[in-house]
Every structure is written in structure tokens, then in C-alpha cells.
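Written below as C-alpha cells is the structure these notes are about.
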Amino acid sequence: MQIAAYRDPELLPTLRDCIAQADAPERLTFGICWQRATDDSLQEFADHPAVRVLSVHYSQSRGACWARSETQALYRGEAYTLQIDSHHRFIRGWDTALRALLQGARERGSDKPLITSYAPVYEPGKPVEPAARPLRLVFDGFSEGGPFQVMPVAMQGRLDGAALEPARFLSAHFLFTLGVFCREVPYDPKFYFFGEEPAMALRAFTHGYDLFHPRCLILWHHYGRERAQRHWTDNKRWWLRNERSLLRYRKLVAGDAAADTLGEFGLGRTRTLEAYERYAGLSLAERRVSPRTLRGAPPPHPWLARWASKKLLWEHSADLQLTNLPAGFGHHPQDSIRLTVRCPRGRVLQQRDLTGASLRAALAVGSHRLRLHAQGTPASWSLRTARAGGEVVTEQTHPWRGL
């Protein structure tokens, strides 16, 4: 059990629940990078023979990925490893369930299954939601700094079929696989936080690990944490680490020669970067995506190399300025704006309606950031305002000026 904990009051409840809900708690060992404040305490587990703790004052921390690399250093040859955050709750028998899922994947042909996803939410002090739907990760665009972004989507329909589905992407707060992963794919301590999950997805895949999402509930995760202390709120020079981290990410996706300069923190030799791009339906250098990936359709099994995306869409984004609007526009709950983007020949590439909360948010800042994926190149965008009942008030057309 790898846990990177940063000044987190949920660490103790997480440890207690993890042990209490396990079928075989005596088989659990813990590697904790405890980035603590002076008055924090782990006295409850101080003499626990299976709890290994690297204790550092939070002011000495180098960030999330550094902490995860330290938890991997506490690995002692265990058969399996589960990497989590320090704020989770668990289903009863979670350990048996995960071992069964991994063994099933191996029996179906995967030598190195890796089970991962975002977990449904829980709130401290409140009961967990036992009927929460498991989540899959879907593409959510490329960031300005380079790494692709993902978002969780609840699995729909009946979930009593296959227990796993192939996954393109990886979650750092729920990663279960063979224990040797700690040595084969060591965390890069010079990574900071942003780009961690894309980088580890690339590295795991190229080292021969097959990514899967569980089609069943295993654990819950505490999101939000508005009042929680974080490394970047305590360390005012965090952005320097972040810039260096993004440079390392760009080396990973630039090709084998650049990735080789990262040494043991580069790509694996079992599969190529190109193989991951075919599998995931992405072109990382060109910032393009396949329609299949954009829809969130499942990828092929990663150990089958028969599938490749033939049609990739370019990603475009622009800040569309919302100016010269009618007086008082947006005050009525049924007011709306329709944004339409066209290619040079006039074909519609994307159309989006702003209403309710999305309209109010755009009007508050005077613009709306629109991101679209298309084979064509945007040439213009138009804005149409409408009052309650659909009455069109104004129409404007502007040239497209991408970011």
C-alpha cells in the first residue's frame, strides 16, 4: 500500500478503514511518505510491524511525485502494489476483489494488468454511497502546458458482465498492479504534479502494462478538499518545480532520443510511444485526437496491435469575446447565446449554446473559452443572442483567432 500524505487529517481514518475492510489485513504492508506538520501524529501505528514510514516535515517536501517515488522506495518485494492518496474509504473485501480482478486479466492474456481509475466521491464524516457507479476516464483536451487532460464519467447500464474494461488513461490515486511495477516503472521525483498521470500512463504502457478500469466499486476518494493544505499553497516557488516538470513531460512525448535522456524515468522498451498513440487514439506532438477517443468509446485490448486510428482531429481553442450585447442581456433566466464556428467554406465545425450558469459565468468575465476538435480549420465564429421565447436579438460574426 503506497500512500503519499501531505498534512492530511484523513490519513489515520484511511489507514483504519483500509485495514478494517480487508479480508486479509495480516497480508497488508504500508509504505507512507508522511509530509507532516510539527503537531501531526501517527502514534497509533508507530509500533505496527507492517507500517513503514518516511517522516519529513512538510517544508522539506518536493511535491507529490517526489513523495510517490519515496513510497516506492519502501517496497520490499510484495506480490502486489496499490497506490492511493491519503483520503479514501474501501468496500468490504477490497483486497480479495482486486486480486481476483488482476488474476482474471492474466488468465485472459494480459501479462501485466494494471487496474486504475478515479474513484467515486465520499465526504468525511458522512456515510459512503454504496450504490455509486464506477468511473471510466475519458479524454478532456490538451492543456496549454502540453499534457492531455482526462475527466471521469460514470459507467452506465448493467455492470454484471466483464469485470474489467480496457482503459487509455491512468489515475494516480487508484493504481493496482504487480508489485514489481515499483522497480520497473519508478516514479520520477523531478516531476511535480501536473502531467503526472499522462506521463505514468505512457511509461506504464511502454513497459508492457495493460491498463484497465474496474466495472465494479472498490473504493471511494475525497475530492474538493477546499480547506486542505497543499504543497503549492505552502511553497511559493512551486511554479519552478512545475516548469521543470513540464519540460520533462515534453521530453517523454518528443520521441525515443529525447526520452532516453530521462534514463530510468523515460519510456519502456516493450512498446513504443507510437503504439500508445495508436492505442489511445492521440497524436501527442500534433495535439490531435481520434473521434473514437473523443466519444469515450472503449479502446482495444492493448496486447492486440490490430487497431490504429486513421482519422485524427485537430484541437483548436479560442477566447470568444462577448461584446456589444443588448442592454440588460443575461438577466432573464431564459436568455441564451448560440456560438457557431465555421471553416473557410462555411461548414459548421461546432455549435454551442450558453444558458443558465454557463451564460452567467461567461458574461461575468466577458468571454467564453471554446475548445473544439475537427479536421477542418476554423475561420470564423458567430454569436447570436436570444431572449425568452427564442426571439433573436442580435447576430455577430468575427474572425477566428486561436490561442
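Any read-out appearing in this document is the output of simple, stated calculations on the displayed coordinates, not a laboratory observation. Only a predicted model underlies this, so the values are computations on that prediction, with no experimental measurement involved. Note: ideal-geometry Cβ built from the backbone for every residue, glycine included; neighbour counts use all protein chains shown.
Between region 158-194 and region 70-117, what is the separation of their alpha carbon centroids in Å?
9 Å
About the Cα centre, and with charges only on the beta carbon of Lys, Arg (+1) and Asp, Glu (-1), how big is the dipole of region 1-90? Nearest 20 debye, please.
The dipole of region 1-90 has a size of about 280 debye.
Set the Förster radius R0 to 41 Å, insert the Cβ-Cβ distance between E286 and N235 as r into 1/(1 + (r/R0)^6), and round the FRET efficiency to 0.05.
Plugging the Cβ-Cβ distance into 1/(1 + (r/R0)^6) gives 0.75.
At R0 = 56 Å, how high is the FRET efficiency between R401 and Y80 if r is their beta carbon distance? Nearest 0.05 is fine.
0.65
Calculated FRET efficiency, Q21 and A297, Cβ-Cβ r, R0 35 Å, to nearest 0.05?
Plugging the Cβ-Cβ distance into 1/(1 + (r/R0)^6) gives 0.55.
Note down the Stokes-Einstein diffusion coefficient of region 316-399 in µm²/s, whole number, using a Kirkwood radius over alpha carbon pairs, 20 °C, and 1.002 mPa s.
After rounding, the answer is 163 µm²/s.
Here are labelled values, (1) 22.7; (2) 19.8; (3) 17.8, and one is the computed mean projected area of the Cα convex hull in nm² for what I pasted. Which one?
From the options (1) 22.7; (2) 19.8; (3) 17.8, the structure gives (1).
Using the Cα centre of region 2-233 as the reference point, and only Cβ charges (+1 on K/R, -1 on D/E), how large is the resulting charge dipole? Debye, rounded to the nearest 20.
The dipole magnitude comes to about 240 debye.
Is it possible to state the helix-based mean residue ellipticity at 222 nm for the chain, with each DSSP H run of 4+ residues giving -39500 (n - 2.57), the sum divided by total residues, to the nearest 500 deg cm²/dmol? What is it?
-7000 deg cm²/dmol
So if I place +1 on the C-beta of Lys and Arg and -1 on the C-beta of Asp and Glu, and nothing else carries charge, what would the dipole magnitude of region 316-399 be about its Cα centre? I want it in debye, nearest 20.
The calculated dipole for region 316-399 is roughly 280 debye.
Is the shape of region 2-233 best called rounded, prolate or oblate, per the rule: a/c under 1.5 gives rounded, else a/b larger than b/c gives prolate, else oblate, with a ≥ b ≥ c the square roots of the Cα gyration tensor eigenvalues?
It is rounded, given that a/c, with a ≥ b ≥ c, falls under 1.5.
Taking the simple approach of a point 7 Å from Cα along Cα-to-Cβ for both K126 and T29, what is their distance in nm?
With each label placed 7 Å out from Cα toward Cβ, I get 3.8 nm.
Specify the residue with the greatest mean-square fluctuation among H57, H331, H48, computed from a Gaussian network of the chain linking alpha-carbon atoms under 10 Å apart.
Comparing H57, H331, H48 in the GNM, the peak value goes to H331.
Taking the Cβ of each residue in R387, R36 as the centre, tally the other Cβ atoms inside 10 Å and list the residues starting with the fewest.
R387, R36
Straight distance only, please: which lysines reach the Cα of K251 with their own Cα at less than 19 Å, same-chain residues fewer than 8 apart left out?
Those lysines meeting the cut-off are K190.
Between C343 and A388, what is the label-to-label distance in nm when each label sits 7 Å out along the Cα-to-Cβ direction?
4.1 nm
Report, by chain and number, residues whose modeled amide H sits under 5 Å from the one on A167, excluding near sequence neighbours (fewer than 5 apart, same chain).
Answer set, sorted by chain and number: L211, F212, H213.
With label points built 7 Å along Cα→Cβ from the Cα atoms of R352 and A46, find their separation and express it in nm.
5.4 nm
How much length is gained if the chain between A379 and A100 is pulled fully straight, taking 0.36 nm per residue apart and subtracting their Cα-Cα distance, in nm to one decimal?
95.2 nm
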